[in-house]
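> Dropping a structure here in structure tokens format, bear with me for questions.
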Amino acid sequence: MEVFHFKASKGMDRDLYEAVSELENICRDHDDVRLKLELDYKLAKADTPDENSDEKLDDFTCWDGHRLVGYLGIDDFGGRTVEVNGMVHPEYRRRGIFRELFRQAKMEWEGRDSNEMLLLTDRKSKEGKSFINGTGAAYDHTEYEMILSDGLFEEAKGFSKDLVLKEATNDDAREIARQNSIYFNEELADQELLDIDLEKKRGFHVYMAVVQGNIVGKVHLHLTNGEGGIFGLGIIPEWRGTGFGRELLLRSVHKLKELGASYIFLQVDAKNDTALGLYRSCGFKESYSMEYYKLNKER
Ligand SMILES: CC(C)(COP(=O)(O)OP(=O)(O)OC[C@H]1O[C@@H](n2cnc3c(N)ncnc32)[C@H](O)[C@@H]1OP(=O)(O)O)[C@@H](O)C(=O)NCCC(=O)NCCS
């Protein structure tokens, strides 16, 4: 193998952000596949350090001189699972670069509390699937990214229920963790309490859905460069079936538009027919599919 330089770094800086974004665009044009690198969030995270947790080695790079030719990112959301994906410049493939990036990232993960690694690949990426196949990871699930088609939303809009969005504070952190454990079928003990103020500085706004003084659900909205993301949307089981989900979604879209979003997206489990039906009926359309493969730590 030629002599490339491999580096692992903590805290995304502007230069690395630019270099990785450029490589992402090259790969997107070449392969017509999507990645989920969360670069904006990583940059915002580095700008607003959390005093209670150390920065970790989350960015693994490969350089040919000053040219970035490979990148693998770990997304560690503080729970028991980390997410991993990346890319190699089309002119530098099949030379073992991604294998080496993955080896280093896996070693880093071995030293963390996390038990599961999810490896992500666009469903259309044959190379991504072949690579993941060789790691021993097993297929876990698929998520669709859905994009709002404005025309369809216009037809669907119109609030009917008495639901308001109340900006969450740190006092809501336990309730948010409780709801996440229900929506994502995870142990409550594994949920980290969000620092809502810090999340806000990083562009994530959490809203509680309130109906006549009762919290019925919540949503996380993210806005960066005019792109609005809807995450972690849910209605507590005892309040389901009466139109609050639709109302919460419509109000989330409305809020993001108010904040200046010109493009709105969300991600949904491909098997979650109820959520898919709701999103479609409010004007969202599937844009691409991301497959998740799971690797458990050997004990
Ligand atoms: C997937 C990707 C990152 C692989 O990068 P790479 O540096 O070429 O991968 P490596 O050279 O380290 O290959 C390691 C193994 O992956 C598998 N693999 C990689 N590309 C492959 C291809 N085109 N066809 C079949 N197997 C392939 C092989 O098992 C390979 O081992 P081998 O060369 O000894 O047979 C690269 O193709 C890419 O950037 N694709 C677009 C982005 C993407 O899909 N990312 C998802 C990855 S998580």
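> No solvent, one uniform scatterer per C-alpha: report log10 I(q)/I(0) for segment 11-61 via the Debye equation at q = 0.19, 0.23, 0.31 1/Å, two decimals.
-0.67, -0.89, -1.26
> Another question, if that's okay. Provide, for segment 150-282, the number of lysine pairs with alpha carbons under 14 Å apart, each pair being eight or more places apart or on different chains.
On the way: Lys157/Lys255; Lys157/Lys257; Lys166/Lys200; Lys166/Lys218; Lys166/Lys255; Lys218/Lys255.
Close lysine pairs found across segment 150-282: 6.
> Let me ask something else. What size of dipole, in debye to the nearest 20, comes out for segment 150-282 about its Cα centre when the only charges are +1 on Lys and Arg C-beta atoms and -1 on Asp and Glu C-beta atoms?
340
> So which aspartates and glutamates can Lys10 reach, going by Cα to Cα under 14 Å and dropping same-chain residues fewer than 8 places off?
In chain and number order, the partners are Asp47, Asp50, Asp54, Glu55, Asp58, Asp59, Asp75, Asp76, Glu108.
> Can you give the local net charge around Lys56? Use residues other than it whose beta-carbon is closer than 9 angstrom to its beta-carbon, Lys and Arg +1, Asp and Glu -1.
Spelling it out: positives minus negatives among the neighbours equals -3.
> Show that you can apply the helix-only estimate: for the chain, add -39,500 (n - 2.57) for every DSSP H stretch of four or more residues, divide by all residues, and state [θ] at 222 nm to the nearest 500.
One gets -10000 deg cm²/dmol as the mean residue ellipticity at 222 nm.
> Using +1 at the C-beta of Lys and Arg and -1 at the C-beta of Asp and Glu, which of Leu248, Asn25, Ala275 has the Cα lying farthest in the positive direction of the dipole of the chain?
Working it through, the farthest residue towards the positive pole turns out to be Ala275.
> Which log10 I(q)/I(0) values does the chain give at q = 0.07, 0.08, 0.15, 0.16 Å⁻¹ under the Debye formula, counting every alpha carbon as one identical point scatterer?
-0.28, -0.37, -1.30, -1.45
> Would you kindly compute the Cα radius of gyration of segment 150-282 and its largest Cα-Cα separation (Dmax), both in Å?
Taking only Cα atoms of segment 150-282, I get Rg and Dmax of 14.2, 42 Å.
> In angstroms, what radius of gyration and Dmax does segment 211-262 have, counting Cα atoms only?
Reported Rg and Dmax, both Å: 12.0, 37.
> So if I restrict to the alpha-carbon atoms in segment 1-96, what is the Rg, and what is Dmax, the biggest pairwise distance, in Å?
Cα radius of gyration and Dmax of segment 1-96 are 13.7, 41 Å respectively.
No value in this document is a laboratory result; all are computed from the given coordinates. Because the structure is a prediction, the values reported are computed rather than measured. Neighbour counts are summed over all protein chains in view; Cβ atoms, including those assigned to glycine, are modelled from backbone coordinates with ideal geometry.
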